1. Mind running the shape call on the range 36-76? Use the C-alpha gyration tensor, a ≥ b ≥ c as the square roots of the eigenvalues: rounded below 1.5 for a/c, prolate if a/b tops b/c, oblate otherwise.
2. Would you mind putting 42-55, 23-36 in packing order, based on average other-beta-carbon counts within 10 Å, highest first?
3. Around ARG68, what is the net charge, scoring Lys/Arg as +1 and Asp/Glu as -1 over all other residues with Cβ under 10 Å from its Cβ?
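Derivation of every value follows stated rules applied to the coordinates shown; laboratory data play no part. Just so you know, these numbers come straight off a predicted model, no measurement behind them. A quick note on method: Cβ atoms are made from the backbone with ideal geometry, for glycine too, and the neighbour counts reach across all protein chains shown.
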Amino acid sequence: MLRGQGNTETRVLQTLAEALELPLPDVLVAAGVLSHAELTNVRNPSRTDPLTAEEAADELGITDPQSRALFVSMTETLRKQRAENGEGNNIAEN
């Protein structure tokens, strides 16, 4: 499994990390779920300002106009709902 040849379901890997007393990110890299570069980027983001919905769509590779419009609309709706509920507006941005 840790060689990327078995089950890579994150719940299973979380349980394995806990049982082995290893950090989950290290297990995700060992299992091939994340690369070392991806883990480094998550730990040390080069960007500190939040993405706009359009930028997030670009990052996710959403190019189909209909899918992109749906994604942007859903993202903006979630931001508005969180703001109305007093929960801040950065959850969709993280």
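1. prolate
2. Put in order of decreasing packing, that is 23-36, 42-55.
3. -3
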